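So the structure is just underneath, and the comments pick up after that.
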Amino acid sequence: MKKRRILGGSALLLIFVAAFAMGFKVETEHNLDKGYQVGDKAADFSLKNVDGAMVSLSDFDGARGFLVIFTCNTCPYAQAYEDRIIALDAKYKPQGVPVIAINPNDPSVKPGDGFAKMKERAAEKGFIFPYLFDEGQKVYPKYGATRTPHVFLLEKTATGNMVKYIGAIDDNYQDASQVDETFVENAVDAMLAGNEINPKTTKAIGCGIK
Amino acid sequence: MNKLLTLGLMISIIMGCAEEKKQKKVEAETADNELVVQKDNTNTDVAFPIYDFDGFEPMLHKDDGKTYVVNFWATWCKPCIEEMPHFERIHSEQKNNNVEVILVSLDMPNMWKTRLEPFVENKNIQAEVVILDDPKQNDWIPKVSEEWGGGIPATLIYNKDKRTFYERGFTYEELNNELYKFIN
């Protein structure tokens, strides 16, 4: 009788462990494989800025939204967009939608994307927005960023930061003067005006996050 | 006891799946060497044909009985460079077997003379190299494959009966295995 109870207890424990493992697994799989879709609520984070301070979305009291941009020092596409990211921040920070740049790369694989190099790049280019280091690569898989640069436009609402647009900055990485569609500007303008965003997602070639 | 075994089995399956997912993550990455960005370089005499997507698209739809292995790459993409020898090996082994390898460079115009040409020459690349130069990526990426998110390396294998798109890197064995699904 006693033995039976112990067995029963172990079975219960195992069920608990299995349920936990399954629940955990489902969440991990969702995060790693898909990340956020438009309409999802985006998690906040606390990441170190190039100035040494920790930055969270909740720090921005007056914000109406955020341009969370996964970018880095080394990717040629990211470099091609640096000036345009600065321009986006200059245009939309006053309207309540600041740029929050995050470097998702692992410096042990990409030495050019280490924290010290981020500081150098931010100073060199005169970044006017936070340039955060995704230490331990915990944030980019949640968002589902796959490449740099990869933009996630969030709208701040009473219930959280909702994902409104995912994709590229515009339709011409090579030459800012040849851009026909400014995807991100159109999306922010529509969001601020309360209009439908179109398109809500775009594709671009980028450097995979490593 | 059976229940216990079933549960144990479930747990190992779950763990196994987690492992598999980890390995599935193959992503492009920039090469470590920093870029030499040269302004004002002219591309008048680049050694490879340069296409916009409209010019390039027929290469994705040839209907001549051959099997085409179309690899999208760039000199700044480290995993692309790592898998390049496998595409070269496939090219030399299969060129008399109705297989054609096309290496589609997505290098930027300022890299064609400074990086692409020296790379192809130094590595003695024998497969056909073309340049796809079309910044309207959001328009053409889905025309290559709806599945493509835009990461490289990426490869399309097709013939008149079958086509499969891969947004991933390959070992030689993996590439060969995939190719044999088309030529046998």
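Descriptive notes on the structure:
- Single residue of region B:147-159 satisfying the filter (surrounded by fewer than 20 Cβ atoms within 10 Å (Cβ to Cβ) and modelled with pLDDT of 95 or more) that is farthest from the other protein chains (Cβ to nearest Cβ): B:159
- Looking across region A:154-176 at every residue that is acidic (Asp, Glu) and within 11 Å of another protein chain (Cβ to nearest Cβ), the one that is surrounded by the most Cβ atoms within 10 Å (Cβ to Cβ) is identified as A:170.
- Cross-chain or 6+ apart pairs with Cβ under 7 Å, region A:181-210 first and facing chain B (nearest Cβ under 8 Å) and in contact (Cβ under 8 Å) with a residue 24 or more places away in the chain, then part of a strand (DSSP E or B) and of a type in the set (Val, Ile, Thr): A:206/A:148; A:207/A:148; A:207/B:30; A:209/A:148
- Residue in region A:129-136 that is within 13 Å of chain B (Cβ to nearest Cβ) and under 21 Å from residue A:62 (Cβ atoms) present: no
- When restricted to residues that are in a loop (DSSP other than H, G, I, E, B) and either over 18 Å from residue A:182 (Cα atoms) or touching a residue at least 60 places away in the same chain (Cβ under 8 Å) (or both), region A:75-113 contains 12.
- Considering the conditions (1) of a type outside the set (Lys, Arg); (2) in a helix (DSSP H, G or I); (3) away from every other protein chain (no Cβ under 14 Å), residue B:70 is excluded by exactly one of them, (2).
- In region A:52-96, residue nearest to residue A:123 (Cα to Cα) [restricted to those that are within 14 Å of chain B (Cβ to nearest Cβ) and among the hydrophobic types (A, V, I, L, M, F, W, C)]: A:72
- Meets criteria (within 14 Å of residue A:205 (Cα to Cα) and surrounded by fewer than 18 Cβ atoms within 10 Å (Cβ to Cβ)) for residue B:142: yes
- From the options A:109, A:99, A:151, residue that is within 12 Å of chain B (Cβ to nearest Cβ) and either out of contact with any strand residue (DSSP E or B) (no Cβ under 8 Å at 6 or more places or on another chain) or closer than 30 Å to residue B:111 by Cβ (or both): A:109
- Selection count, region B:100-127, where residues are in contact (Cβ under 8 Å) with a residue 40 or more places away in the chain, crowded, with 21+ Cβ neighbours inside 10 Å and β-branched (Val, Ile, Thr): 1
The values are calculated or read from the model by the stated rules, or taken from the named source; none is laboratory data. The model shown is predicted, which means the values in this text are computed figures rather than measured ones. Because the Cβ atoms are built from the backbone with ideal geometry, glycine has one as well, and the counts that use them run over all protein chains shown.
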